[in-house]
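Working notes, beginning with the structure itself.
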Amino acid sequence: MGILRRFEQRIESRIEGKQPKRDMHYLEAARRIHSLLLNRKFRVNAQTLLPNMFIVPFENPNDVPPEYGQNLLTAVAESLAGRDFEFLSEGIFKPVRRSSIFPEVEVCWADDFGKVSLGLVVGLGGPAEGKYWSIPVKGTTIGRSVKVPICVQDAMMSRSHLKVKIVSKDRIIIEDLHSHNGTLIGSKGLVPGRAVSVKAGVNVTLGSSVFAFYAFPDQYMRWSQIKDF
């Protein structure tokens, strides 16, 4: 532990009128998160994306004060101010009970609902251009129906057009769900109902929209086996 951190702890102790708890102060957690984020950068389409879920272990997560999370998110944002980075979605603070599964602070990719994401769907052309979506552990579906996770207003796309799933650390599986206008990988048509592997970044056309799919480094090995998170 550095001299600066020991000094901060003494100040915290005086402010609180007691010795600091074993749980980590939000400033220390923010520093660790900042370092982890810089090591987990993901470059796609001239943009640098960062993981957006910040997991902090506590002795008892139920005792974490409400302001801790907001203070942490603010500190992380300030530490990245002026840098050309973007989060996949809004930052999420996730307090967990300290255990062998979560012994230290860590970061991961997640969707807007706090579900862990193993990869990314990128819209490259047509109505989907410029948009990003997560690929959760259970996979996702693309179509024009509002009932599918990735809804694109593309009249040439079927209501439930394509299923996407990540099945290993670098293997992406897609399956055409018997769509009306079919699916192209590059210029080759996909056989409906047959799941096939697709390389990261390859153009996949659904209707008049073009997509590419990516697996986040290290996400599958860490998160595919953790249940109910």
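Just so it is clear, none of the values below were taken in a lab; they were calculated from the coordinates. Since this is a predicted model, take the numbers as computed values, not measurements. Quick reminder, even Gly has a Cβ in these numbers, built from the backbone with ideal geometry, and neighbours come from all protein chains shown.
Below, the figures for the structure above:
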{"quantity": "Shape of the chain, Cα gyration tensor, a/c cut at 1.5", "calculated": "prolate"}
{"quantity": "The chain: relative contact order in percent, alpha carbon pairs under 8 Å with at least 6 residues between", "calculated": "15 percent"}
{"quantity": "Amide proton proximity set for F87, modelled H, under 5 Å, gap of 5+", "calculated": "L50"}
{"quantity": "Exposure proxy order (Cβ contacts within 10 Å, fewest to most) of W109, W223", "calculated": "W223, W109"}
{"quantity": "Using a Förster distance of 41 Å, the FRET efficiency for A81-R171 (Cβ separation, nearest 0.05)", "calculated": "0.65"}
{"quantity": "Separation in nanometres of the label points that stand 7 Å from Cα toward Cβ, at K199 and V96", "calculated": "3.4 nm"}
{"quantity": "Summed residue charge, Cβ within 12 Å of I172's Cβ, Lys/Arg positive, Asp/Glu negative", "calculated": "+3"}
{"quantity": "Entries in K115/K169; K147/K188; K94/K147; K94/K165; K115/K138 that, when Cα-Cα distance is taken, lie over 22 Å", "calculated": "K147/K188; K94/K147; K94/K165"}
{"quantity": "Likely footprinting exposure, K199, K147, fewest C-beta neighbours within 10 Å first", "calculated": "K147, K199"}
{"quantity": "Packing-based exposure ordering (other Cβ within 10 Å, fewest first) of M157, M221, M53", "calculated": "M221, M53, M157"}
{"quantity": "DSSP beta bridge pairing in the stretch 78-159, given as percent antiparallel to the nearest 5", "calculated": "75 percent"}
{"quantity": "Nonlocal amide H pairs with N181, under 5 Å, H built at 1.01 Å", "calculated": "S158"}
